[in-house]
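Q: Okay, handing you the structure first.
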Amino acid sequence: MSSRSAPFITPEHLNNISAEELKRRLAGDPFEAVQWIKALAERGEAEAQVLLGQAYLDGYGLEPDPRQARIWFRKAAEAGHLLGMNMLGRAYDQGWGGPVDHACAAYWFRTAANQGLDWGMYNYGHLLLHGLGVEKNEREAFDWYNKAAELGHAKSLGVVGRFFEEGWLGERDQEKAFDYYRRSAEAGDFRGQYNYALMLSERGQMEGALQWMREALGNAHMAFTRTMAANLLKHPHPVLYQVGMEALHKCALRGNAHDAYAYAKFLLAQGAGNIANLSLGRWWLRCAARQGHTQAQQEVDFHISLS
């Protein structure tokens, strides 16, 4: 990536390029696109500074560099850019490019939230809910989540649903929880989709439950996919149990050696009298062994001797 020569972009280029042409270049080759983003960022364009920070974070068109990501998020934040404030808060919260500092994260999330950014409200609510960098305050956390939910923020809708389902503030209301989960699911949040599917299943609406649970599975990141597998493989209804199997398979395909081993053990446990499951389980066991899983390496020879 770094061996390619970057195009030389002058201030005149930036002044004369049309909005349509700039849009085309930014949507093109990542290496070239990030040069235009960088040129705009260095000229002081806060929007470009956020994009450049994200590019450094993701390794989009350049080598990943979380330290540079934090620097550019700070430039945008200090220029008053709300997403820049939120991303700088995230850098402090997650330790991107420097030490974790929840107090600094809270400052930037709160600043963005006070100026109307839904993500700032959500992230500040999270710190309040868990007492990270600020004094724990569930009521204030709920208020911020609720403000973001009123703006249609998908994740906040789901968290408000959890407040009502679990009665975190003393008020349990399953109908309100159901409605917030539905809205969160329809807005695209995988946790909302998962919780909405569970509530549909409790009401006997299994067709809808299956639809939303598979939607959640398709959207979930790996950590939540593992949670789905663990939970749904204990579910008494065969429809949701099947999705648990699909979640375990997804983990094996996209995860690490531990995921491959877990799927292998599941298939082998299901394999009594089922040659296909036994064969597939042994195949995944070998995959885990090749990826360095110690227990899988020890078990491979035993299963080969049985085949």
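Q: Can you find even one residue in region 225-248 that is modelled with pLDDT of 95 or more, closer than 24 Å to A148 by Cβ and not hydrophobic (A, V, I, L, M, F, W, C)?
A: Within region 225-248 (the criterion being modelled with pLDDT of 95 or more, closer than 24 Å to A148 by Cβ and not hydrophobic (A, V, I, L, M, F, W, C)), the answer is yes, since at least one residue qualifies.
Q: What residue, of R172, R183, is part of a helix (DSSP H, G or I) and among the basic types (K, R)?
A: R183
Q: Another one. Which of the residues spanning region 244-290 are among the small types (G, A, S), in contact with a Ser or Thr (Cβ under 9 Å, 6 or more places away or on another chain) and closer than 24 Å to W212 by Cα?
A: Matches in region 244-290: A247, G255.
Q: Here's a check for you: in region 251-285, which residue that is touching a helix residue (DSSP H, G or I) at 6+ places or on another chain (Cβ under 6 Å) and among the charged types (D, E, K, R) is farthest from T225 (Cα to Cα)?
A: R282
Q: Can you find, within region 128-142, the residue that is surrounded by the fewest Cβ atoms within 10 Å (Cβ to Cβ) among those that are under 17 Å from L169 (Cα atoms) and touching a residue at least 12 places away in the same chain (Cβ under 8 Å)?
A: By that ranking, first place goes to R139.
Q: I'd like to know if region 95-114 contains one or more residues that are part of a helix (DSSP H, G or I), under 19 Å from the mean Cα position of the chain (by Cα) and within 15 Å of G133 (Cα to Cα).
A: Yes - at least one qualifying residue is present in region 95-114.
Q: Is it the case that some residue within region 155-174 is within 15 Å of E215 (Cα to Cα), aliphatic (A, V, I, L, M) and surrounded by fewer than 24 Cβ atoms within 10 Å (Cβ to Cβ)?
A: no
Q: Which ones in region 233-259 are under 23 Å from the mean Cα position of the chain (by Cα), assigned to a helix (DSSP H, G or I) and among the aliphatic types (A, V, I, L, M)?
A: L240, V243, M245, A247, L248, A252, L253, A257
Q: Then there is this: Out of the residues in region 54-100 that are closer than 21 Å to L117 by Cα and among the acidic types (D, E), state the one that is surrounded by the fewest Cβ atoms within 10 Å (Cβ to Cβ).
A: E78
Q: Follow-up. May I ask you to verify whether A230 is out of contact with any Asp or Glu (no Cβ under 9 Å at 6 or more places or on another chain), assigned to a helix (DSSP H, G or I) and surrounded by fewer than 19 Cβ atoms within 10 Å (Cβ to Cβ)?
A: Yes: the conditions hold for A230.
Q: Consider region 188-223. How many of its residues are part of a helix (DSSP H, G or I) and more than 15 Å from the chain's Cα centre (by Cα)?
A: 17
Q: If you take the residues of region 21-53 that are of a type in the set (D, E) and farther than 26 Å from G80 by Cα, which of them is surrounded by the most Cβ atoms within 10 Å (Cβ to Cβ)?
A: For region 21-53, the residue satisfying everything is E32.
Q: Would you check which residues across region 113-127 are surrounded by fewer than 22 Cβ atoms within 10 Å (Cβ to Cβ) and farther than 13 Å from G152 by Cα and list them?
A: Correct list: N114, Q115, H126.
Q: Still on this structure, please answer the following. Go through region 115-162 and count every residue that is farther than 24 Å from Y196 by Cβ and not in a helix (DSSP H, G or I).
A: Going through region 115-162 one residue at a time, the tally reaches 10.
Q: Testing K176 on (1) out of contact with any Gly (no Cβ under 8 Å at 6 or more places or on another chain); (2) more than 30 Å from H249 (Cα to Cα); (3) not small (G, A, S), one condition comes back false. Which one is that?
A: Exception for K176: condition (1).
Q: Any chance you could count how many residues in region 252-288 are over 26 Å from H221 (Cβ atoms) and at pLDDT 95 or above?
A: Looking only at that region, the number is 0.
The values are calculated or read from the model by the stated rules, or taken from the named source; none is laboratory data. Treat the numbers as computed from the prediction; the structure is a model and nothing was measured. Here Cβ is always computed from backbone atoms with ideal geometry, including for glycine, and neighbour counts include all displayed protein chains.
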